[in-house]
Amino acid sequence: MIFVNSSNQTLYLFKDDSLIFESKIYTSKHGMGCRMNSFKTPTGLHSISSMLGKGLPAGTLFKNRRPTEKVIKKIPLDNSDYITSRILRLNGLEEGKNKGGDVDSYHRYIYIHGTPHCNTLGSKQSQGCIRMSDRDVIRLFDLVDQKTLVLID
């Protein structure tokens, strides 16, 4: 199970009641919430619905969930919301909270994904997704499976 702690901007991965991985992250600069078009990070219980990017080089830039030819190797000077390296797409599991209607995390395209902006991890910077360093998202990707539970608090 993955636990995302928004108050300390840290992601934890547990297996068999043991902590096996942790990483600094970004959640939304707009706060926590589940409404469509809020740009907030949704709370509650989710699962990984799909995993994209296996075997691609670190820093591979995605557009519309498809890898591009571009690989970002340096911290960009702009503040764009780059999606790099790997995508773990989340599906809400709590009807009316993060699943269905105007609170559906899957239809909001909420991911755990890489970012080249690793210099300010630990702060709230995203547009709703959970961002990690490219190195850490690749490591997490290799440690989890589709259907892994994700609790966001």
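The values are calculated or read from the model by the stated rules, or taken from the named source; none is laboratory data. As the structure is a computational prediction, the values presented were derived from the model and not from experiment. Quick reminder, even Gly has a Cβ in these numbers, built from the backbone with ideal geometry, and neighbours come from all protein chains shown. Heavy atoms of the whole protein, side chains included, go into the accessibility calculation; ligands, DNA and RNA do not. Shrake-Rupley method; radii C 1.70, N 1.55, O 1.52, S 1.80 Å.
Run down Lys24, Lys54 and say which single residue is within 13 Å of the chain's Cα centre (by Cα) and either without any contact (Cβ under 8 Å) to a residue 24 or more places away in the chain or open to solvent by 50 Å² or more (accessible area, probe 1.4 Å) (or both).
The match here is Lys24.
Might you check whether a residue that is within 20 Å of Gly31 (Cα to Cα) and either touching a residue at least 40 places away in the same chain (Cβ under 8 Å) or not aliphatic (A, V, I, L, M) (or both) occurs anywhere in the stretch 57-75?
no
Looking only at the stretch 103-153, which residues are open to solvent by 40 Å² or more (accessible area, probe 1.4 Å) and either part of a helix (DSSP H, G or I) or basic (Lys, Arg) (or both)?
Residues satisfying the conditions are Cys118, Asn119, Thr120, Lys124, Arg135, Arg139, Asp142, Leu143, Lys147.
For the stretch 75-93: of the residues being of a type outside the set (A, V, I, L, M) and part of a loop (DSSP other than H, G, I, E, B), which is surrounded by the fewest Cβ atoms within 10 Å (Cβ to Cβ)?
Asp78
Answer yes or no as to whether Gly96 is over 18 Å from the mean Cα position of the chain (by Cα) and either open to solvent by 60 Å² or more (accessible area, probe 1.4 Å) or of a type outside the set (Phe, Trp, Tyr) (or both).
yes
So which residues in the stretch 42-90 are closer than 11 Å to Tyr111 by Cα and hydrophobic (A, V, I, L, M, F, W, C), if there are any at all?
Ile48, Met51, Leu52, Ile83, Ile87, Leu88, Leu90
Within the stretch 66-74, can one find any residue that is open to solvent by 40 Å² or more (accessible area, probe 1.4 Å), closer than 14 Å to Pro116 by Cβ and under 17 Å from the mean Cα position of the chain (by Cα)?
Taking every residue of the stretch 66-74 in turn, none turns out to be open to solvent by 40 Å² or more (accessible area, probe 1.4 Å), closer than 14 Å to Pro116 by Cβ and under 17 Å from the mean Cα position of the chain (by Cα).
Could you look through the stretch 27-51, keep only residues that are in contact with a strand residue (DSSP E or B) (Cβ under 8 Å, 6 or more places away or on another chain) and of a type in the set (A, V, I, L, M), and pick out the one that is surrounded by the most Cβ atoms within 10 Å (Cβ to Cβ)?
That would be Ile48.
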